[in-house]
Amino acid sequence: MRKGFTLIELLVSISILSIMMIFLYKSYASLNTTNNFYETKVNVMQSTQLKKRVIYLDFALKLDENVSIRKQNPQEDVVFFQSANSVHKRFNPYIAYLVKNKKLYRLESLKKFKEYPLSQEDVFSVDDLGEVKSFRVYSSSKKIDGIQSEMFLVHIDFKEQEDILLKIKALNEY
């Protein structure tokens with residue numbers, strides 16, 4: 001009658017266990033790599049969706065009749081208007097979109113933006129939307145049954161992100 005394992009049996013079982021652990025570790029490492037890759041992709045998608053949402057709400061909820069679109073050059077516009085949408089918890093803030101040093105910025109202020117370049121007294125919150133190749137905004141308006149309707153086409157060509165192209169109808173018609 002045997003009471004234990006022989007040395008060969010122990011070495012074989014340890015070898016089999018080691019091989020199984022190596023395969024389990026490789027599977028775990030591969031899973032971590034895949035998870036990191038998809039986490040990065042999801043974060044980029046969420047960032048793009050958040051930018052689209054803010055831009056859409058800014059233009060759709062515009063308050064004043066005049067949205068000032070100033071052509072700086074063939075690739076860049078500067079846009080000033082008032083909106084009911086606020087990222088920084090302001091009531092009916094004034095919004096500006098402008099490109100400075102190839103970066104698109106969204107500015108939000110309680111005071112109306114009057115000119116570009118901005119003056120030293122202007123106080124505003126700044127959101128960096130990313131590095132861009134071009135930022136263009138087009139507007140059109142038409143009167144239907146005595147109601148003025150305004151549409152915007154916003155095109156942002158990002159340098160290293162997915163481009164944004166939004167067709168936005170202003171919701172508050174006058």
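We did not get these values from a lab; they are worked out from the coordinates using the rules stated. These figures come from a predicted structure and were not determined experimentally. Cβ sites come from the backbone with ideal geometry, for glycine too, and all protein chains shown count toward neighbours.
Some notes on this structure:
- Just so you know, in segment 154-171 the residues that are touching a Leu at 6+ places or on another chain (Cβ under 7 Å) and of a type outside the set (A, V, I, L, M, F, W, C) include one that is surrounded by the fewest Cβ atoms within 10 Å (Cβ to Cβ), and it is Lys167.
- Residue within segment 3-10 that is over 30 Å from Gln161 (Cβ atoms), in a helix (DSSP H, G or I), aromatic (Phe, Trp, Tyr) and over 34 Å from the mean Cα position of the chain (by Cα) present: no
- Only one of the listed residues (Glu131, Glu150) is without any contact (Cβ under 8 Å) to a residue 60 or more places away in the chain, acidic (Asp, Glu), surrounded by 14 or more Cβ atoms within 10 Å (Cβ to Cβ) and in contact with a Lys or Arg (Cβ under 8 Å, 6 or more places away or on another chain). That residue is Glu131.
- Filtering Lys143, Lys111 for residues that are out of contact with any Leu (no Cβ under 7 Å at 6 or more places or on another chain), outside any strand (DSSP E or B), of a type in the set (Lys, Arg) and closer than 22 Å to Glu65 by Cα leaves a single hit, Lys111.
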